[in-house]
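No value in this document is a laboratory result; all are computed from the given coordinates. No experiment lies behind these values; they were computed from the predicted model shown. Here the Cβ positions follow ideal geometry from the backbone for every residue, glycine too, while neighbour counts run over all protein chains shown.
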């Protein structure tokens with residue numbers, strides 16, 4: 001089991017956090033996800049025999065929240081706005 005904090009781009013609100021949490025938590029091998037809007041990071045607890053940091057980072061980028069230091073193009077920023085809106089409509093499940 002591995003726990004990692006990942007700094008991400010485009011994190012703005014609870015809608016973003018909801019989408020991120022739901023998307024990353026759905027990945028096979030991920031056991032827990034928390035999102036810290038104030039510090040622009042997520043903490044992921046995962047089984048590194050099943051899923052890798054790179055796969056988690058790819059999923060984040062695909063929904064508009066790339067890891068700090070990765071490409072943050074206009075298209076990626078647009079994806080984050082859409083993901084944010086979806087998160088506001090579908091709040092995270094407890």
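A quick yes/no check of all residues on (1) surrounded by 14 or more Cβ atoms within 10 Å (Cβ to Cβ); (2) under 21 Å from residue 81 (Cβ atoms):
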{"site": "9", "(1), (2)": "yes, yes"}
{"site": "15", "(1), (2)": "yes, yes"}
{"site": "18", "(1), (2)": "yes, yes"}
{"site": "24", "(1), (2)": "yes, yes"}
{"site": "35", "(1), (2)": "yes, yes"}
{"site": "47", "(1), (2)": "no, no"}
{"site": "53", "(1), (2)": "yes, no"}
{"site": "60", "(1), (2)": "yes, yes"}
{"site": "65", "(1), (2)": "yes, yes"}
inquiry  = Please count how many residues of the stretch 28-42 are within 14 Å of residue 65 (Cβ to Cβ), outside any helix (DSSP H, G or I) and in contact (Cβ under 8 Å) with a residue 24 or more places away in the chain.
reply    = 4
inquiry  = Just the residues that are in contact with a strand residue (DSSP E or B) (Cβ under 9 Å, 6 or more places away or on another chain), within 14 Å of residue 4 (Cβ to Cβ) and not in a strand (DSSP E or B), please, taken from the stretch 56-84.
reply    = 56, 57, 60, 68
key: From the options 7, 11, residue that is assigned to a loop (DSSP other than H, G, I, E, B) and in contact with a strand residue (DSSP E or B) (Cβ under 8 Å, 6 or more places away or on another chain)   = 11
inquiry  = Of everything in the stretch 52-68, what is touching a residue at least 24 places away in the same chain (Cβ under 8 Å) and either in contact with a helix residue (DSSP H, G or I) (Cβ under 9 Å, 6 or more places away or on another chain) or within 12 Å of residue 8 (Cα to Cα) (or both)? Give them in sequence order.
reply    = 56, 57, 59, 60, 63, 64, 65, 66, 67, 68
